Amino acid sequence: MALTYPLAGGGSDTYEWKFTVGAFTRDLVQSRIGVFRGGSTFTPAGGGRTGTGSDRAVEFGNGTGPISIVQVDFLNQAAANDEMTFAIWAKKYDIANNSVFWGISPSSSSNLRGWQAHLPWSNNNIYFDTAGCCDGSTQRINAPITDFAGYSGDETWWRDWHFFVFSKKGEVKQIWIDGTLFLEGYNTAPLPTDFNELLLGAEPPAGNLFHGQIDDFSVYRTALTEAQIGQLRSGTSPQALPAAAGLLAYWNFDDMPAEGLFVSFTPEPDTLTADPNLIRVVHAEGTPAWDTSKVSLLLDGTAINATVTQASGLTTVTYVPSPILAAGSHHTATIRYPGADGTTILSRDWEFTVASYTKDVLHSYVGVLRGPAKFTADGGGRTGQAGDFGIDFGTVNNRQGVFIGDASWLNQASATDQFAVAGWQKLHNVADSAFFWAVSPSSSGTQRGVGTHTPWSNNNLYFDTAGCCDAATQRINGPITDFLGYSGDVAWWRDWHHFVFQKNAEVKQIWIDGQLFLEGYNTNPLPTDFTTAWFGYNPADNGGLQGILDDMAIYGAALTEAQVGQLAAGSSPQSLPATAKLLAYWNFNDASVPVPVLNVSYSAGNVTITWTNGGTLQQATSVTGPYTDIAGATSGTHTEAASAAQRYFRVRK
């Protein structure tokens, strides 16, 4: 796309950009668009709640992202009369914190919570919030699913399709399940009239993701009657209800393109923070499904040996580079695939730049530096000696962290319910963040398999496992002022200190500088579905550590007091005996090739571009390219007349 605009001194210039239209679905009343985010997609044909023919549903998997609907004037139309109904079919894969829908209202409290439901929360309670949260007299009604007579008493009940209705009429709010009234309550706050977006399957922007499928979602300007709810439960189309029901919107999710659609590209197109060890394309199958013998993947124009698999209506094309791609390197990937006629070969390109990364010294597990996280200068690690580096996460929160894209090796610790994470930390500021965080889709508290805070902004240390935040089953915590070695001054945090968080069955401990700080008891065992992990980042609250980490080690056993003391005295994690079961160790002494940094200055009618860390300067007439090398521009400086035509520049390593 191009935009031509006039210049102040006369003449014109043109700005060009490109974009790719992602997956979307239309409602059947006014063709309002719902955009799939984060890898959510359609189920295969027959995957909808009827299980027949071409009936499809939305597949969120174990948390892939919401559907975003921004054409939501219909919500405000209903809200003006303080009366509205949402009806939806859903089935769950697990009982984890989630939001099945979230109407965003800027005037509403608790993260713009205009109209929201947890279906259910990890405590098996269903919550229905309007005009904010969480006052029981004005905003919220809730009850445990065990109060529903039709509930089997077994969590597998959620894995079947069930029909849910949420309605409000004045002060009266109701929740219906499978055509039966489950809960009625009274909330006095009227509905807000400033809805500007509706999310299906998440809390904004993309938290507490729904694990499962939804189908046949409809919205009404009235509170539906028992008879109307019964009709919908029995299979009547929302469009077949009488006009008095006031149907405003209806998505049946049966409008997947015949040719299928691309669900995700890894790395994301045009990202500057690509992982170095994975290239993947996921495509939802159309009719017919791709012939896998006609699918191929290229990297920088060269065919590569990719793996192609088909399952559950998805074609997945995967390549694991070996050796892994260099930090700061720029690449173009190409997927070739059969067109709708099964014969024509189509292709699609995307570009990406590999981020800086660090590898553990045992197995070369990759940790990718995200946001402003960077290696310290030489000698910036906790010893201060030449050759010792740490990771500096910066002085402000910008969602920085070290991301471990495959942390499935953590599940080794789950077998014995023993685990320890140890490392050194020096803070710039005390702020909401995390020391170490491991993601487990089955765990509550935003998939909090392990969460450690050193400290939270309230100066408390927290250690969560298998969810959050029950003191009997999941969390131990205490204020740093309980530690005898604490100076009482926040400046204490600006020195290096050693932390150990460990679990040995029910017994959990936090150690600081070789001293036991806190011991408690949590009955939940470690989860067995760890997927990814972070150093220095808390994805539940988007909090990035403001400080430096070094020598982060993870064990499959709880350490002894002597072993904790050895680490706090400076011993290498690798020096501990085999019984400590060292699983991974990042010493951060593998500082990657630095990514080029550009600076632009103006003087006397000239623009000077300088860059560090090597590379060749490239130019283009559009921000999206194509870019070409500037002859001789490899010295780190280049000057152009300010009167020259508008151009865009980047550095290629």
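The values are calculated or read from the model by the stated rules, or taken from the named source; none is laboratory data. The shown structure was predicted, so the numbers you read here are calculated from the model rather than taken from an experiment. Virtual Cβ from ideal backbone geometry, glycine too; neighbours counted across all protein chains shown. Accessible surface areas use protein heavy atoms only, side chains included; no ligands, DNA or RNA. Shrake-Rupley method; radii C 1.70, N 1.55, O 1.52, S 1.80 Å.
Side notes on the structure shown:
- On the beta carbon distance between Gln646 and Asp349, with R0 = 22 Å, the FRET formula returns roughly 0.30.
- Counting Lys and Arg as +1 and Asp and Glu as -1 over every other residue whose Cβ lies under 14 Å from the Cβ of Gly207, the net charge comes to +2.
- Over region 492-542, relative contact order from alpha-carbon pairs under 8 Å, at least 6 apart, %: 23 percent
- Sulfur and carbon atoms: percent of accessible area, region 434-518 [1.4 Å]: 48 percent
- Applying the Karplus relation 6.51 cos²θ - 1.76 cosθ + 1.60 with θ = phi - 60° to region 429-438 yields 3J(HN,Hα) values of 9, 8, 8, 4, 5, 8, 7, 8, 9, 10 Hz, where x marks Gly and Pro.
- For Glu197, solvent-accessible area (1.4 Å; no DNA, RNA or ligand), Å²: 50 Å²
- Candidate cross-link partners of Lys92 among the aspartates and glutamates, defined by an alpha-carbon separation under 19 Å and a same-chain spacing of 8 or more, comprise Asp55, Glu59, Asp147, Asp154, Glu155, Asp160, Asp178, Glu203, Asp215, Asp216, Asp529.
- The chain, relative contact order in percent, only Cα pairs under 8 angstrom and at least six apart counted: 11 percent
- Portion, in percent, of the accessible area of region 1-86 that falls on carbon or sulfur, probe 1.4 Å: 51 percent
- Å² per residue, accessible surface of region 194-247 at 1.4 Å: 35 Å²
- Across region 503-518, rounded Karplus estimates of 3J(HN,Hα) from the backbone phi angles (6.51 cos²θ - 1.76 cosθ + 1.60, θ = phi - 60°) give 9, 10, 6, 7, 8, 10, 9, 10, 10, 10, 6, x, 10, 5, 9, 8 Hz, Gly and Pro being marked x.
- Rough spin-label spacing in nm, given labels placed 7 Å along Cα→Cβ, for Asn589 and Ser12: 6.2 nm
- For region 292-449, the solvent-accessible area of protein heavy atoms averages 40 Å² per residue (probe radius 1.4 Å; ligands and nucleic acids excluded).
- In range of the label at Asp406: residues from region 322-351 whose backbone nitrogen is under 12 Å from the point 7 Å along Cα→Cβ: 322, 324
- Among 404-413, 374-383, the peptide with the highest mean count of other Cβ atoms within 10 Å heads the list, and the full ranking is 404-413, 374-383.
- Each Cα pair under 8 Å and six or more residues apart adds its sequence gap; the mean of these over the residue count of region 1-158 is a relative contact order of 11 percent.
- A Förster distance of 60 Å, applied to the separation of the beta-carbon atoms of Asn460 and Asn81, puts the FRET efficiency at 0.85.
- Accessible surface computed residue by residue for region 23-131, with neighbouring protein chains in place and a 1.4 Å probe, gives 31 Å² per residue.
- Two-site label geometry, Leu362 and Asp629: point separation in nm, points 7 Å out along Cα→Cβ: 4.3 nm
- The aspartates and glutamates within cross-link reach of Lys581, meaning a Cα-to-Cα straight distance under 17 Å and a gap of 8 or more places when in the same chain, are Asp360, Asp417, Asp551, Glu561.
- The protection proxy used here, the mean number of other Cβ atoms lying within 10 Å of each residue, ranks peptides 184-193, 111-120, 318-327 as follows, highest first: 111-120, 184-193, 318-327.
- Summing +1 for each Lys or Arg and -1 for each Asp or Glu among the other residues whose beta-carbon sits under 13 angstrom from that of Ser443 gives -2.
- For Ser264, nonlocal amide neighbours, meaning residues 5 or more places apart or on other chains whose placed amide H falls under 5 Å from its own, are Val282.
- Accessible-area value, Tyr585, 1.4 Å probe, nucleic acids and ligands omitted, Å²: 10 Å²
- Ranked by how many other beta carbons lie within 10 Å on average, peptides 276-283, 484-491 from highest: 276-283, 484-491
- Net charge of the neighbourhood of Asn111, taken over other residues with C-beta under 13 Å away and scored Lys/Arg +1, Asp/Glu -1, is -3.
- FRET E, pair Ala472, Val70, Förster distance 45 Å, beta-carbon r, rounded to 0.05: 0.60
- Cross-link partners of Lys374 among lysines (Cα-Cα below 27 Å; sequence separation of 8 or more within a chain): Lys359, Lys426, Lys653
- Full extension of the chain between Asp135 and Ala569 gives 151.2 nm of extra length, using 0.36 nm per residue less the Cα-Cα distance.
- Whole-Hz couplings from phi, Karplus 6.51/-1.76/1.60, listed for region 630-647; x for Gly and Pro: 8, 4, x, 8, 10, 8, x, 8, 8, 10, 10, 5, 5, 7, 5, 4, 4, 9
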